[in-house]
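Enquirer: Quick one: this structure, given as structure tokens, is what I'll be asking you about.
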Amino acid sequence: MAIIHVDGQEYEVNGAHNLLQACLSLGLDIPYFCWHPAMGSVGACRQCAVRQYRDADDDKGMLVMSCMAPATDQTRISISDEEAQRFRASVVEWLMINHPHDCPVCEEGGHCHLQDVTVMTGHDRRRYRYRKRTRRNQYLGPFLAHEMNRCITCYRCVRFYNDYAGGTDLGVSGARDNLYFGRYEDGILESPFAGNLSEVCPTGVFTDQSHSDHYTRKWDLQFAPGICQHCSLGCNISPGERYGTIRRIENRYHGEVNGHFLCDRGRFGYGHVNRDDRPLVPLWRDQPDQPPISLDVNDALNRLTNALRHTRRIIGIGSPRASLESNHQLQALVGAENFSTGIDAGELSCLALMEKLQQTGGLATPTPRQIEQHDAILVLGEDPVQSAGRLGLHLRQAALARREILGGTIGVAAWNAEALKTLGQDKFHPLHIAWPAPTDLDDVAAGRYPLGPDGIAQLGFAVAHAIDPAAPAVPQLSSELHEIALRIADDLMGAERPLVISGGSLASRAVLQAAGSIAQALSRRAKAGGLLFIRREANSTGLGLMGGHSLNWALDELAKGHADGVIVLENDLYQRAHAARVDEALARAAVQVVLDHQSTDTTAKATFVLPAASFAEGSGTLVNLEGRAQRFFQVYDPTYMRPEARIHESWHWLHVIAARLRDEPATDINLDTVTQACANANPALAGIVEVAPGADYRIEGLRLAREPHRYSGRTAMGAHMTVSEPRPAQDRNTPFAFSMEGYSSFHRPRQQVPFAWAPGWNSPQAWNKFTDEINGHLKGGDPGVRLIYRTPKHRDYREPVSDPIPNGDGLRALILPRLFGGEELSARAHPIQQRITPPVLILHHRDGEDLGVSPGDQVLVNDYPASLTVQEQDDWPRGWTGLPAGLFPGLAVGDVIAVRLAQGGGA
Amino acid sequence: MTDSIDTTRIISSDRFELHPADETAIVRELDHYEQPQAATIEALKIVQRRYGWIPDGTIPAIARVLGIGPAAVEGVATFYSLLFRQPVGRHVILICDSSSCFLTGFDELKAALVQQLGIDYGETTQDRRFTLLPVCCLGACDGAPAMMIDDDTYGPVRPEDLDTLLEGYP
């Protein structure tokens, strides 16, 4: 801690910060451009000048850049100094010389940092009367639009894209006042984190293309605190809605999960909410294969409950992409003995093992942000960028953090980004990755070991043995693996905080056990480290905690005729099991009820389809990979703009169905009562009540506003239906109001912030007003409650195990996660579809020879319709083939596959 | 949106092949530095020596040899005024406009050059013989006003010397 004096006032600040950071943390406003809370200072833009005095007697002082001056004890500065103010106004004037006067048509307008700073400095008259330079813009892919004329050359984009996110295809050309930020030629930005440029860029050079296609100003959007639905990391998002469709996803700051950034799957994957083919009203099929008939709600519920009453037994199939509340209501309706999680048996057993190892593995589970503090990392059988997007950025920061250590030894502050970059060069904290295919982290990795699941498990157990000789040795370990294991063990033991990351991508219990053994060994050698497991879907962890049978069990029960009714909750079974298997199971059931917000192959088979709310129209709770339960809140009422819609949260539908089946009138429920009931029914989920404030929460007696103060046009937006303005939708479930009336300020600490706005701060930089210090936590605490805890006790080692080998000889399948196309919901969004690369089948060239295929051939796998291009990789593990996730439902890792040339594929 | 589903737009699949001798020379340069990006300037100079400028296709090709991103190579290639990203004439004339030369007859010299060649700064004669560029200092103040043609520095140059001087660069 340090005492600094700002304009004669004394403040206590973090002495490790620079003055800009310190002043912003105090809530004081200093304009800035090139500095960014997550990326530190470079002192390039000269915008944050303040006057600094030597001591109390110095009355002249000198101008310094506050971002480049440390906040050491007894620093005296003036922000309001007249010369400093004039200087800052001049800097904006220079930066604005070539900036077009296009705010009215610019998509950054209304959440533009450049607008904010220009207003803040008082530059409101343009004196420059000459020609402005103009630039050609580039095509950068489906995610981002490029408008170089607006550039003020702050360098934030390349610093984020290259230095922070490891991209190589965006750069800066030219020199002096003649700079161009873009690719070296037109083309898709390759980094899976490119979308963050729309928030990192202080003005409108890089804007969200998906937003552009249905543009609305930030002040005209309705927001709610959301949770990303597209992987298990649980990034916090601010979805914005207008006219009943989601218009954009912006990052919602969370001090322990996503910080300032999202991955492109999360940012651009929302299109599934806006699809025209979504079920909007209850549908009924009298006979299978007939076109469905639309029903009103009462009729549908009558027919549905009548039909269910005539069944002997109802199986409920839940979903890891639905909320805990909805899954709970289904479980309550059918009874725990008839409830399936909707998750494949192999994956479910891995989920249980991951949960157990999290409790007993000996090391604590770090939050995603804490990963950045781990100084040696082993990734065992995962490709984090592909399976958990944003997590890849955390891992990269962990590797890069070596710079800060090196800087510390010679007195370079952690915020001095350019100096640290020069100092660090390619010196990274050790990051070892055991994964067969190249990963996006290879450039900062100490090593990547291209092994199959069997090899990766062996390597893991060998590392455990190398760390602690008490851990059992691996029989018949190759000398090569032994060497690698020693190297990894050395790095982990040499670190202050080693971290082991594994997960379900290889669906291998052996790999998970091996990760657990390493954690156990580290803990026995008294290492304070971390252990983290990546799950597949947004609520995989939650469903694991809730418990239930596997999907295989449910399909078997149905196929054997042990049950003749089935209720499927927000789950496309055809994405999870082989089509023939699902067909067989569904055909045997007399009544198939499907609740979903998407039209899927499963809804196409259903007797009854009930239109469920997506994350945008409903609220619920998800549990992320740490075991952190987080609530997402309804963004908008779907009936406000589409009165014909009968969309409700699945938990609401199921509650009413359950009551009708009991011949009782449905009691009044809301989100709070369902959450409470879910917590009561599942001791492991008891904590979810505390995850977020209930519906009666108020600040200063007010609900929390979903809409910014300046929200406009509400009286007119329904004028094509009726000229009288309808009453705003009422919210019984949450403390938020579908209105601009309500609390939206930053003064009172709060966790749930639909959108960040503060007077003078319209851009995402407004988050700095909501945090306790820059890059810290939300003033009201970061949202979410941990449900999984470590029980600190040493346990005996397990003998090295290997996965049971399925029958048959031949090449075995590995399913490789993919950020774009590997997840069901985001793959329904148009921008994501444009980024899906053509599927490839990866194998070793010797296996290719044996199979009679060569690179570039088109091949088919088993009886799946998708053809793949053969790709050979020199160091690919023999006997395995890599297949892209999302194309082969029901195909398990380790299954023997039949590969044949596609017709016309050539050989 | 007009793009149809599943279309990945390939904007370019430039596989410019560097001259084998150039590639060897670049690889040799790599040995001199700890970081591959440090060899970028030398690599660009090698390519420019062959083509007189740095053709577009060489950028990704150099990046491949160095093992760095093409954006980084383009950044260096466009940063330095004597690395040419546009075709230049067979001979490049650099005329010094810094203070010593400015005081000793730069204006007249430039006017004469412009008149004689019929081109201004950044332009190339129609026969592609000369390109005219300013340079901020040639370090030849003792011989001001100075100019440089290809690798040869001349000074002091008077307008009437130009005829003979340029004759040496066919």
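Enquirer: Which ones in the range B:55-66 are open to solvent by 30 Å² or more (accessible area, probe 1.4 Å) and within 10 Å of chain A (Cβ to nearest Cβ)?
Expert: Selection gives B:56 alone.
Yes/no matrix, rows are residues, columns are (1) in a loop (DSSP other than H, G, I, E, B); (2) over 30 Å from residue A:616 (Cβ atoms); (3) not acidic (Asp, Glu):
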| residue | (1), (2), (3) |
| --- | --- |
| A:824 | yes, no, no |
| A:831 | no, no, yes |
| A:848 | no, yes, yes |
| A:860 | no, yes, yes |
| A:863 | yes, yes, no |
| A:871 | no, yes, yes |
| A:882 | no, yes, yes |
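Enquirer: Can you pull out the residues in the range B:67-118 that are among the aliphatic types (A, V, I, L, M), within 11 Å of another protein chain (Cβ to nearest Cβ) and in a helix (DSSP H, G or I)?
Expert: Once the filter is applied, which keeps residues that are among the aliphatic types (A, V, I, L, M), within 11 Å of another protein chain (Cβ to nearest Cβ) and in a helix (DSSP H, G or I), the range B:67-118 yields B:71, B:72, B:73, B:76, B:77.
Enquirer: If you don't mind, there's one more thing I want to ask. Given the options A:778, A:841, A:851, name the one that is more than 14 Å from chain B (Cβ to nearest Cβ), surrounded by fewer than 22 Cβ atoms within 10 Å (Cβ to Cβ) and among the aliphatic types (A, V, I, L, M).
Expert: A:851
Enquirer: Follow-up question, since we're still on this one. The conditions are (1) away from chain B (no Cβ under 12 Å); (2) in contact with a His (Cβ under 8 Å, 6 or more places away or on another chain); (3) buried (at least 17 other Cβ atoms within 10 Å of the Cβ), and residue A:142 fails exactly one of them. Which is it?
Expert: Against the list (1) away from chain B (no Cβ under 12 Å); (2) in contact with a His (Cβ under 8 Å, 6 or more places away or on another chain); (3) buried (at least 17 other Cβ atoms within 10 Å of the Cβ), residue A:142 comes up short only on (1).
Enquirer: Give me the strands (runs of 3 or more DSSP E) completely within the range A:206-314, filtered to those with at least 2 residues that are assigned by TED's automatic domain parsing to the domain that holds residue A:387 and farther than 29 Å from residue A:630 by Cα, ordered by residue number.
Expert: On the way: elements: A:206-208, A:236-242, A:245-251.
Result: empty, no element qualifies.
Enquirer: Looking at the range A:23-33, which of its residues are without any contact (Cβ under 8 Å) to a residue 60 or more places away in the chain and out of contact with any Leu (no Cβ under 6 Å at 6 or more places or on another chain)?
Expert: Once the filter is applied, which keeps residues that are without any contact (Cβ under 8 Å) to a residue 60 or more places away in the chain and out of contact with any Leu (no Cβ under 6 Å at 6 or more places or on another chain), the range A:23-33 yields A:23, A:26, A:28.
Enquirer: Another one. Name the residue, out of A:325, A:355, that is part of a helix (DSSP H, G or I), at pLDDT 95 or above and under 30 Å from residue A:895 (Cβ atoms).
Expert: A:355
Enquirer: In the range A:343-364, what count of residues is obtained for those that are open to solvent by less than 20 Å² (accessible area, probe 1.4 Å) and under 22 Å from the mean Cα position of the chain (by Cα)?
Expert: Of the residues in the range A:343-364, 5 are open to solvent by less than 20 Å² (accessible area, probe 1.4 Å) and under 22 Å from the mean Cα position of the chain (by Cα).
Enquirer: Only one residue in A:320, A:288, A:282 is open to solvent by 60 Å² or more (accessible area, probe 1.4 Å), of a type outside the set (D, E, K, R) and touching a residue at least 60 places away in the same chain (Cβ under 8 Å). Which one?
Expert: Just one listed residue meets the conditions, A:288.
Enquirer: Continuing with the same structure: Any residue in the range A:825-837 that is within 8 Å of chain B (Cβ to nearest Cβ) sitting within a Cβ distance under 9 Å of a residue that is of a type in the set (Ser, Thr, Tyr)? List the pairs, counting only those 6 or more apart or interchain.
Expert: A:830/A:210; A:834/B:7; A:834/B:8; A:835/B:8; A:836/B:8; A:837/B:8
Enquirer: Still on this structure, I have one more. What is the one condition in (1) surrounded by fewer than 24 Cβ atoms within 10 Å (Cβ to Cβ); (2) assigned to a strand (DSSP E or B); (3) within 14 Å of chain B (Cβ to nearest Cβ) that residue A:181 does not satisfy?
Expert: It is condition (1) that residue A:181 fails.
Enquirer: Of everything in the range A:145-178, what is part of a loop (DSSP other than H, G, I, E, B) and more than 9 Å from chain B (Cβ to nearest Cβ)? Give them in sequence order.
Expert: Hits for the range A:145-178 are A:147, A:151, A:152, A:153, A:154, A:155, A:165, A:166, A:176, A:177.
Enquirer: Continuing with the same structure: Please determine, by comparing only the residues of the range B:43-54 that are within 11 Å of the chain's Cα centre (by Cα) and either touching a residue at least 40 places away in the same chain (Cβ under 8 Å) or away from chain A (no Cβ under 12 Å) (or both), which one is surrounded by the fewest Cβ atoms within 10 Å (Cβ to Cβ).
Expert: Going through the qualifying residues, I end up with B:49.
Enquirer: Regarding residue A:247, is this residue basic (Lys, Arg), at pLDDT 95 or above, open to solvent by 10 Å² or more (accessible area, probe 1.4 Å) and touching a Pro at 6+ places or on another chain (Cβ under 9 Å)?
Expert: Details: basic (Lys, Arg): yes; at pLDDT 95 or above: yes; open to solvent by 10 Å² or more (accessible area, probe 1.4 Å): yes; touching a Pro at 6+ places or on another chain (Cβ under 9 Å): yes.
Yes.
Enquirer: In this structure, is residue A:462 closer than 16 Å to residue A:508 by Cβ and surrounded by 23 or more Cβ atoms within 10 Å (Cβ to Cβ)?
Expert: On the way: closer than 16 Å to residue A:508 by Cβ: yes; surrounded by 23 or more Cβ atoms within 10 Å (Cβ to Cβ): yes.
Considered against the rule, which asks whether it is closer than 16 Å to residue A:508 by Cβ and surrounded by 23 or more Cβ atoms within 10 Å (Cβ to Cβ), residue A:462 comes out as yes.
Enquirer: Further question on the same structure: Considering only residues that are part of a loop (DSSP other than H, G, I, E, B), more than 16 Å from residue A:786 (Cα to Cα) and in contact with a strand residue (DSSP E or B) (Cβ under 6 Å, 6 or more places away or on another chain), look in the range A:528-562 and name the one that is most open to solvent (accessible area, probe 1.4 Å).
Expert: A:548
Enquirer: Here is a further query. If you check A:337, A:418, A:404, which single one turns out to be farther than 17 Å from residue A:502 by Cα, open to solvent by 40 Å² or more (accessible area, probe 1.4 Å) and not assigned by TED's automatic domain parsing to the domain that holds residue A:488? So that I can check it myself, show each step before the final result.
Expert: Values: A:418 fails: not assigned by TED's automatic domain parsing to the domain that holds residue A:488; A:404 fails: not assigned by TED's automatic domain parsing to the domain that holds residue A:488.
Among A:337, A:418, A:404, only A:337 is farther than 17 Å from residue A:502 by Cα, open to solvent by 40 Å² or more (accessible area, probe 1.4 Å) and not assigned by TED's automatic domain parsing to the domain that holds residue A:488.
Enquirer: Now for a different question. Can you confirm whether residue A:186 is open to solvent by 20 Å² or more (accessible area, probe 1.4 Å), within 13 Å of chain B (Cβ to nearest Cβ), in contact (Cβ under 8 Å) with a residue 40 or more places away in the chain and out of contact with any Gly (no Cβ under 7 Å at 6 or more places or on another chain)?
Expert: For residue A:186, the condition - open to solvent by 20 Å² or more (accessible area, probe 1.4 Å), within 13 Å of chain B (Cβ to nearest Cβ), in contact (Cβ under 8 Å) with a residue 40 or more places away in the chain and out of contact with any Gly (no Cβ under 7 Å at 6 or more places or on another chain) - is met.
Enquirer: Take residue A:134 and decide whether it is of a type in the set (Val, Ile, Thr), within 24 Å of residue A:30 (Cα to Cα) and away from chain B (no Cβ under 14 Å).
Expert: no
Enquirer: Further question: Which is touching a Pro at 6+ places or on another chain (Cβ under 8 Å) and either farther than 19 Å from residue A:506 by Cβ or more than 14 Å from chain B (Cβ to nearest Cβ) (or both), of A:803, A:857?
Expert: A:803 is the lone residue from the list that is touching a Pro at 6+ places or on another chain (Cβ under 8 Å) and either farther than 19 Å from residue A:506 by Cβ or more than 14 Å from chain B (Cβ to nearest Cβ) (or both).
Enquirer: A further question on this structure: If you take the residues of the range A:641-683 that are touching a residue at least 24 places away in the same chain (Cβ under 8 Å) and of a type in the set (Asp, Glu), which of them is surrounded by the fewest Cβ atoms within 10 Å (Cβ to Cβ)?
Expert: Result: A:644.
Enquirer: Kindly list the number of the only condition in (1) over 29 Å from residue A:826 (Cα atoms); (2) buried (at least 24 other Cβ atoms within 10 Å of the Cβ) that fails for residue A:390.
Expert: Condition (1) is where residue A:390 drops out.
The values are calculated or read from the model by the stated rules, or taken from the named source; none is laboratory data. Owing to the predicted nature of the structure, the values given are computational and were not obtained by experimental measurement. When we count neighbours, we look across all protein chains shown, and the Cβ atoms used for this are built from the backbone with ideal geometry, even at glycine. These area figures cover heavy atoms from the full protein model, side chains too; ligands, DNA and RNA do not enter into them. Shrake-Rupley method; radii C 1.70, N 1.55, O 1.52, S 1.80 Å.
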